[in-house]
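Contents: one structure, followed by commentary.
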């Protein structure tokens, strides 16, 4: 059991049969009345973000989550297939669970699957991935000291802003958390 004093960002709890992840919280102590906690919670089942207020000291069940590394194999429409690297067991995950992480997943690369009671509830990509640029317009010659950027499409279909010197075929390190260019990697 956890109480409102134990709240932290990323904590997952079970409330009325739903898995809720704390995205944001704020302890409030008004001049009159008891203290309370305002929260923004993401429901893993519906993928919706809701705002809830709880009285200070309320207790909840903490969800038992298990995270394991799996190899991404391929996607087939609405399903993504992953394989455990040691047991070679394959599992399928719906596109709704994979969500925006699909733009960073490259076949045969490892990702982390988070499970609750044997069901995958989250897919996490590494913080940095290395991807090849498949489409990028030529940079316009001119003032490069201002840090001008242009859009580039990567091999997974993601589009990010890159410096003007990046060309098609370049291999880039990309930060998946911010969807931003980090550096060009030697070929």
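Just so it is clear, none of the values below were taken in a lab; they were calculated from the coordinates. Quantities reported herein were computed from a predicted structural model and do not represent experimental measurements. Every residue, glycine among them, receives a Cβ derived from its backbone with ideal geometry; neighbour counts consider all protein chains shown.
From the square roots a ≥ b ≥ c of the eigenvalues of the alpha-carbon gyration tensor of the range 66-124, which class results: rounded (a/c under 1.5), prolate (a/b over b/c), or oblate? Because its axes are fairly even, with a/c under 1.5, the range 66-124 counts as rounded. Where a ≥ b ≥ c are the square roots of the eigenvalues of the C-alpha gyration tensor, would you call the chain rounded, which needs a/c under 1.5, or, failing that, prolate if a/b is larger than b/c, or oblate? Since a/c reaches 1.5 but b/c is at least a/b, the shape of the chain is classed as oblate.
The length gained by stretching the chain between residue 134 and residue 102 to full extension, at 0.36 nm per residue less their Cα-Cα distance, is 9.8 nm. The mean sequence distance of close C-alpha pairs (under 8 Å, at least 6 residues apart), as a share of the length of the range 2-62, puts its relative contact order at 37 percent. Note: relative contact order over the chain, using C-alpha pairs below 8 Å and six or more positions apart, is 13 percent. Please report the relative contact order for the range 66-124, taking Cα pairs under 8 Å with a sequence separation of at least 6, and give it as a percent rounded to a whole number. In percent, rounded to a whole number, it is 36. Distance between the pseudo-spin-label points of residue 43 and residue 83 (7 Å out from Cα toward the beta carbon): 3.7 nm.
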